[in-house]
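These notes are about the structure you will find just below.
Coordinate-derived values only; no laboratory data. Every value quoted in this text rests on a predicted model; they were computed, and no experiment measured them. Virtual Cβ from ideal backbone geometry, glycine too; neighbours counted across all protein chains shown.
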C-alpha cells in the first residue's frame, strides 16, 4: 500500500474520532453520560500498542511473561469495589484532577510533593509515549513497505505524530477546570477501545481458522518446535516467582498509571459505573488475550528460520498471505491503541505539569494580577502547549533512545518507575500515620535504585558498548545485591519497593507529622464518615474575610460563577449572606473551587495569601477531629432516635384522635338511647297519670290508654332488645351459622309474615330473578332479619298502589340483591347516614312513628359480618337498597362476627 | 450494595491471588494438551473466566 493512501486512511480515521468526540461533547444525551459501558471501555486505554503488538513478541521470545500484565489487574479488580470507591469519594470531595493532586494533598497539600510526582510521571511516561510513536511509525513503514527515513522532516510517521499532537491538544483542553469530565474525548477513547478489540479478533480468527485449522492445529504444529515446552511452562519455582512479581507490578500500575487514574477516577461520572467495570473490564482483557497465543505461535510456524521481529507478526501474517484489508485493519487497531494512550496520557500529564509544576512554581503571580478571562485563556494555553511539547519530546526520545529497544522492556520500565508511587498512594488511603517526609524520602530512595538499576543500563547501551571507569566500579560494588533467579526488572522492583516502603514506614513512625497532613490523613482514611459534609472536617483557625477570598475567586471563576458558588455554600451551611469573616468551611470550599483550575497546591497558596492562619498543634487537631467524629456518630444516633420519637408521637396522636372520636360517638349514642327510651316512657307515664287521676274515664278511652301503654312498653322492649343485639354484634358475640341455602326461598321466608300487610296496602309486589344458580352460602336467619328490616321500611314509605320489587343477580362471583320501593326519597346527604344508629331520631322531619331506629345499623353489621355490604340509592321514583354478598370469600366454617 | 456483598468481591480478589501464585499455579505447569491447548493456558484462562462470571453474578444478585 502506498504511503499516501495509508496516510489518507489515517486522516479519515482521525476525522471519525473527531466526529465522535464532537457529537458526544455537544449532545450530552443520557446515552453518553450515563453509560457504564463507555466508562468501562475507556479503561481499556490500559491496552496500548505495547499490548497490541508487544504481547505477541513477548509470547514468542519469553513465553508466559506477557500474561502478568493482565493477571495483575485481574486479581485486584474485584477489590475495586472497596478501594476505588474510596479513592473516587476522596477525589470527588477534594476536586482532585490528577494522581499528583491526590497524593500531594494527602501529605499536607504539599507543593513540592506534587512537583516531584509530576516529574516522576513525566520521566516515567514520556518513554512510554515514545513507545506508542515507535509502534505507529514502524507499522506505518511496514504496511507501506518503506524504509524509515533518517530525516525527521521527510518521514511520513512524523506527520502522523503532529496530527496526533494537534488533536490531543485541541480536545484535551476544552475545560479550564481539570476535574471537569471530558465527555468527548472519553467517548472517542471508548470507541477506539472497541475498534481495536474488533480488529484484533478479526486478525485472530483469520490466523486461527484461515491460516491454520483451528487452535488445536496450531498447537499440534507448534508443539513440535524445539522451544515450545520452555516457553509455555514456568521455569519451576524461579519462573513462578518472577511471574508473581510481574503480577504485583501490573496490579499497582492499574491504580497508579496517570492515564488509568485519569480514566478510572477523574472521568468517573457515577460511582455505580464502577460495578459494571469490575466484570466488564476483565472480560475485555480476556478477549484481548485470547488470540495472542495462536497469533504468536502461528507466526512462529510461518516465519520459522526467518529473522523477523515477532512484535509485528500481527502485520506480517496477513501481509504474508497477501490480505491487504486485514493488514490495514490491524494497523488501525494498533493506531487506536497508540492514539488513545497518547491522548489520555498527554492530557493528564499536561494537567499535572500546569497545576502541580508550572502554576505553583512561578506562574501564580502572573495569574493573580490578571482577570478571569485572561486567566482561563492562559491556563488553557499552558496545557495546550504542554501537550504538544510532551508528544514532540516523546517523539524525539523515541528517535534517539528507544529505536533499538523492544516495546516490552520500555513499557515495563515505565511500570516499575510509576510503581514507586505505590507506598505513598496506598499509604494515603489506609494509613493515618504515613507522613510527608517518610513518603517523599521513600519515593526518592526507590527512584534512585530504579535509575541505577534500570534506566542507566537500558539507555546507556543505546550509545555505549560497556560501562567504563567510575560507573563500572560502582556497578561492580553493587553486584553483591544481584538476585540470580530474578529477572533484572523483578530484581530492581524488589529492591526499590523494599527500600521505598521501609523508608516510608520507618521515617513516618519515628517523626511526628504536621497537623495539616494529619488532618487530610483523617479525611482520606475515614472518607465514608466525612462524605456528606467534608468541609467540616477541614480544620483551620485564624483570621479571614469573605470579601478577600471572594476577590480571588472572581479572578479565576468570574463574577457569575463565584456568586453562584457562594450562594450554594451559604445555603448548604445555612449561613447569613452578610457574614464577613470566613470560617474553615469557607476556606476549604474556596480551595476546592480553585483546585480544578490551578491545582490544590496553588489554591492553598492563593488562599494563604489573603488569610492569616494561627498555628494549631497536632494534638489539638486530633482532639477536634475526634470530637467532630464523635459528633457525627452522636448526631446520627440522635437523628435516629428523634425519628423514632416522631413516629411514636404520630401514632399516639392518631390513637388519641381515634379515642376522642369514639368517645364522642359513645356520648352521641347514649344521648340517642336516652332520648329514644324517654319517648315511650313519657307516653306510658302520661297515659298512666290520666288513668290514675281520673276515675271517670269512659271504659273505651280507658282501654285505649291501656293499649297505648302496652304498645309503648313493647316498643321499649324492642329498643332495648335491639340495643343489646347491636352491642353483641359489635363485640362479636353472635356466631354466624353459614350454610348453603336457596336465596329466593330465603327471601320468601322473609316476605311471608308481612305479605298480608303489603296486600292490605294494595302494593304491587314483584321479583326479578336473573340467577342461574340459587344456592349460596350465608347465614339464613340473619339474612331474613335484613330482608324483613328493609321490607318493613319499604312498607312504611310506600304509598298505596306503589311497588316493591326485589331483583337477584350474580356478577363477578358476587350475589347482588336489590330491593326497590316507590315512595319518598332519602335526602342525598343522608344516604350514608341512614345506617347509623338512631338515624331517624336525629332527623325529626323524617321521624317514623315506630321502630327502634337501629334496624339499618343492625342490617349493616350483619352484612359486613358476612363479608358483604349494603348501600342505599335514590331512584327516580323511589329508593333502592343494594345488598352484596361476596360468594367466594365466604368461609364454610361458622364464623364469629368481627368487631368493626 | 451491602458491606457483606462487597466483602465477597474482596475475598474473590484474595482467592485469585492465591490461584495465580505458586504453589497452586505450578500444579498446572505442563504443556500437555487439554481440549487441544496447553494445560497451563486452559487453567489461567479458565480461572480468569470464572472470576468474571463470579463478579457478574454477585452484582446481578445483590446490587440493589
- Evaluate E = 1/(1 + (r/R0)^6) for residue A:170 and residue A:12, where r is the Cβ-Cβ distance and R0 equals 22 Å; express this FRET efficiency to the nearest 0.05. 0.80
- Item | Inter-label distance for residue A:636 and residue A:653, nm, one decimal - labels placed 7 Å from Cα along Cα-to-Cβ | 3.0 nm
- Item | Distant alpha-carbon pairs in chain A (separation over 37 angstrom), percent | 62 percent
- Query: Cα centroid distance between the stretch A:716-762 and the stretch A:764-843, in Å?
  - Reply: 12 Å
- Message: Ranking request for peptides A:481-492, A:548-559, A:416-427, A:125-136: highest mean number of other beta-carbon atoms within 10 Å first, then the rest in descending order.
- Response: A:125-136, A:416-427, A:548-559, A:481-492
- Task: Pull out the extension gain between residue A:717 and residue A:560, defined as 0.36 nm times the separation in residues minus the alpha carbon to alpha carbon distance; nm, one decimal.
- Result: 47.9 nm
- Message: What's the ranking of A:45-51, A:78-84, A:112-118 by average number of surrounding C-beta atoms within 10 Å, highest first?
- Response: A:45-51, A:112-118, A:78-84
- Query: Which of the peptides A:602-609, A:346-353, A:632-639 is most tightly packed, and how do the rest follow, going by the mean number of other Cβ atoms within 10 Å of each residue?
  - Reply: A:346-353, A:602-609, A:632-639
- Take the alpha carbon atoms of the stretch B:1-51, find their radius of gyration, then divide it by 2.2 N^0.38 Å using N residues; give the quotient. 1.40
- Item | Value of D in µm² per second that Stokes-Einstein yields for the stretch A:346-436, Kirkwood Rh from Cα pairs, at 4 °C (1.567 mPa s) | 80 µm²/s
- Item | In degrees, nearest ten, helix A:546-557 long axis to first principal axis of chain A (Cα) | 70 degrees
- Item | Mean-position separation - Cα centroids, the stretch A:70-142 and the stretch A:218-244, in angstrom | 33 Å
- Message: For chain A, take the longest principal axis of its alpha carbons; what is the angle in degrees between that and the long axis of helix A:80-94, to the nearest 10 within 0 to 90?
- Response: 90 degrees
- Query: When you look at the Cβ of every residue in B:52-62, what mean number of other chain Cβ atoms sits within 10 Å?
  - Reply: 4
- Message: Step by step: find N for the stretch A:30-76, compute 2.2 N^0.38 Å, then divide the Cα radius of gyration by it. What's the final number?
- Response: 1.50
- Query: Given the rule -39500 (n - 2.57) for each run of at least 4 DSSP H residues, summed and divided by the residues of the protein assembly as shown, what is its mean residue ellipticity at 222 nm, to the nearest 500 deg cm²/dmol?
  - Reply: -21500 deg cm²/dmol
- Message: What does the structure give for A:71-77 when I average, per residue, the other chain Cβ atoms found within 10 Å of the residue Cβ?
- Response: 6
- Peptide A:269-275, shielding by other chains (average Cβ, 10 Å cutoff): 1
- Query: How many nm is it between the label spots at residue A:571 and residue A:451, if each spot is 7 Å from the Cα in line with the beta carbon?
  - Reply: 5.2 nm
- Expressed in nm to one decimal, what extension gain is obtained for the pair residue A:807 and residue A:209 from 0.36 nm per residue of sequence separation less their Cα-Cα distance? 207.1 nm
- Query: Taking every eigenvalue of the Cα gyration tensor of the stretch A:532-614, multiplying by 5 and rooting it, what semi-axes result, largest first, whole Å?
  - Reply: 16, 16, 13
- Query: If you take the beta carbon distance between residue A:3 and residue A:269 as r and set R0 to 35 Å, what does 1/(1 + (r/R0)^6) give as a FRET efficiency, to the nearest 0.05?
  - Reply: 0.30
- Note on the structure: Projected convex hull area of the stretch A:731-792, Cα atoms, direction-averaged, in nm², equals 5.1 nm²
- Quick one: helix A:273-290 against the long Cα principal axis of chain A, what's the angle to the nearest 10°, folded into 0 to 90? 50 degrees
- Query: If you take the alpha carbon radius of gyration of the stretch A:3-403 and divide it by 2.2 N^0.38 Å, what ratio comes out, to two decimals?
  - Reply: 1.00
- Subtracting the Cα-Cα distance from 0.36 nm times the residue separation, let me have the gained length for residue A:201 to residue A:385 in nm, one decimal. 62.5 nm
- Item | Kirkwood hydrodynamic radius (C-alpha pairs) into Stokes-Einstein, the stretch A:621-728, 37 °C and 0.692 mPa s, D in µm²/s | 164 µm²/s
- Message: Between residue A:34 and residue A:123, what is the label-point separation in nm under the 7 Å Cα-to-beta-carbon projection?
- Response: 4.7 nm
